[in-house]
Amino acid sequence: MTVKVYSTPTCPWCTKAKEYLKSKNVDFEDIDVSKDLNAAAEMIRKSGQRGVPVLDIDGNIIVGFDQRAIDRLIN
């Protein structure tokens, strides 16, 4: 399973999403879109959103911290 979390350091929902993934022992790539403009553009292209967090779980996009959607994709 490939998981990317597009986030910023000041976003509380990003922190919650990453803590939740860690609690489920899911490895993920944390991508700071405040420092990486190419990653920010990629996130917008994938999700149609400028807000964070955006999770990409095996090509499935979740906007925001949606625990049920995350569980559905990681289980």
Q. So, counting K/R as plus one and D/E as minus one, what does the shell of residues with Cβ under 13 Å around ASP36 add up to?
A. -2
**Q.** Within the chain, longest stretch clear of exposed trypsin sites (Lys or Arg not before Pro) (DSSP loop, no more than 14 other Cβ within 10 Å)
**A.** 51-75
Q) If amide H atoms are built 1.01 Å from N in the plane of the peptide, which residues on other chains or at least 5 residues away come under 5 Å of the amide H of GLY64? A) VAL54, LEU55
Q) Restricting to lysine pairs 8 or more places apart or on different chains, what number in the chain have Cα atoms under 13 Å apart? A) 4
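Mean projection of the alpha-carbon convex hull of the chain over all orientations, in nm²?
Details: hull surface 17.2 nm².
One quarter of the hull surface, i.e. the mean projection, equals 4.3 nm².
Only Lys, Arg, Asp and Glu count, each charged at its Cβ (+1, +1, -1, -1), so figure out the dipole size of the chain about its Cα centre, rounded to 20 debye. All intermediate terms of the calculation are to be shown ahead of the outcome.
Working: 11 positive and 11 negative charges, 43 e Å.
That gives the chain a dipole magnitude of about 200 debye.
Rounded to the nearest 500, what is the chain's calculated 222 nm mean residue ellipticity when only DSSP H runs of at least 4 contribute -39500 (n - 2.57) each, over all residues? Could you put the intermediate results ahead of the total?
Values: 3 runs with 31 residues, N = 75.
Computed ellipticity for the chain at 222 nm equals -12500 deg cm²/dmol.
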Q) Can you give the extra length, in nm with one decimal, that the chain gains between LEU37 and ASP71 once fully stretched, where that is 0.36 nm per residue apart less the Cα-Cα distance? A) 9.3 nm
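Coordinate-derived values only; no laboratory data. Remember, predicted model here, so these are calculated numbers, not experimental data. Heads up, the Cβs are rebuilt from the backbone with ideal geometry, glycines too, and the neighbour counts pull from every protein chain shown.
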